[in-house]
Each structure stands twice: as C-alpha cells, then as structure tokens.
1. Taking R0 as 22 Å, what FRET efficiency do you get between Ser62 and Gln5 from their Cβ-Cβ distance, rounded to the nearest 0.05?
2. So who's got an amide H within less than 5 Å of the one on Ile70, skipping anything under 5 residues away but keeping other chains? H placed 1.01 Å off N, in plane.
3. To the nearest 20 debye, what charge dipole does segment 3-73 have about its Cα centre, counting +1 at the Cβ of each Lys and Arg and -1 at the Cβ of each Asp and Glu?
4. Loop only per DSSP, at most 16 neighbouring Cβ atoms within 10 Å: give me the GluC sites (Glu not before Pro) in the chain, ordered by residue number.
5. If you add up the charges near Arg7, with Lys and Arg at +1 and Asp and Glu at -1, over every other residue whose beta carbon is less than 11 angstrom from its beta carbon, what do you get?
6. Using Stokes-Einstein with the Kirkwood hydrodynamic radius over Cα pairs, what translational diffusion coefficient do you get for segment 3-73 at 20 °C and a viscosity of 1.002 mPa s, in µm²/s rounded to a whole number?
7. Tally Lys and Arg at +1 and Asp and Glu at -1 over the other residues with C-beta under 13 Å from the C-beta of Lys26: what net charge comes out?
8. So what is the calculated 222 nm ellipticity per residue for the chain, using -39500 (n - 2.57) for each DSSP H run with n of 4 or more, over all residues, to the nearest 500 deg cm²/dmol?
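Derivation of every value follows stated rules applied to the coordinates shown; laboratory data play no part. Please read all numbers here as calculations on a predicted model, not as lab measurements. Glycine also receives a Cβ, built like all others from the backbone with ideal geometry; neighbour counts cover every protein chain displayed.
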Amino acid sequence: MDLTQLRAGEKARFIGVRGGWGIRSKLEAMGIRPGKIITKISTQIMRGPIIIQVGNTQLAISYGISKRIIVEKI
C-alpha cells in the first residue's frame, strides 16, 4: 500500500519507493529509510501535503511523492 492509503494516526514501516535516484536520495536526506516506522499525522484536502512523523521529526510531503512511498501497515 502507499502512504496516502493510511489513515491519520496509523503507523507503518517504510518498505521502499517507486521512483528514481532523485526521489530516493531526497527521502533518505529526510531520514526516511527502509525499515523506519512512519506515523501519518494528517492529510490536507484536495491532494494537499501529508504530514508524517519519522522518529521525533514531523515532515510535510507532497501528495505526489506520498503516492510513490510504499509502506506496510503495523
């Protein structure tokens, strides 16, 4: 499943990303690596950014990138 399919408050393990080197390096720079636990905090209306928490850090990720992030619900 992708990150957009999670509900607010749900946790998931990051599995991988559908995309090239650029998106992979961007996510890794934000601390999103395989095996990390992601908590979805909230979703904005009309395909706006998705707020997630990785460790103690909250990040806003665009809807397009969120559709490419593959997670496994915990």
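1. That pair, Ser62 with Gln5, gives E of 0.90.
2. Ile15, Gly16, Val17, Arg18
3. Once rounded to the nearest 20, the dipole reads 140 debye.
4. Values: sites: Glu10, Glu28, Glu72; in loops: Glu10.
Within the chain, the qualifying GluC sites (Glu not before Pro) (loop, at most 16 other Cβ atoms within 10 Å) are Glu10.
5. Values: positive: Lys11, Lys40, Lys73; negative: Glu10.
Once positives and negatives cancel, what remains is +2.
6. The diffusion coefficient I find is 180 µm²/s.
7. Around Lys26, the surrounding residues sum to +2.
8. Working: 2 runs with 15 residues, N = 74.
Calculated at 222 nm, the ellipticity per residue is -5500 deg cm²/dmol.
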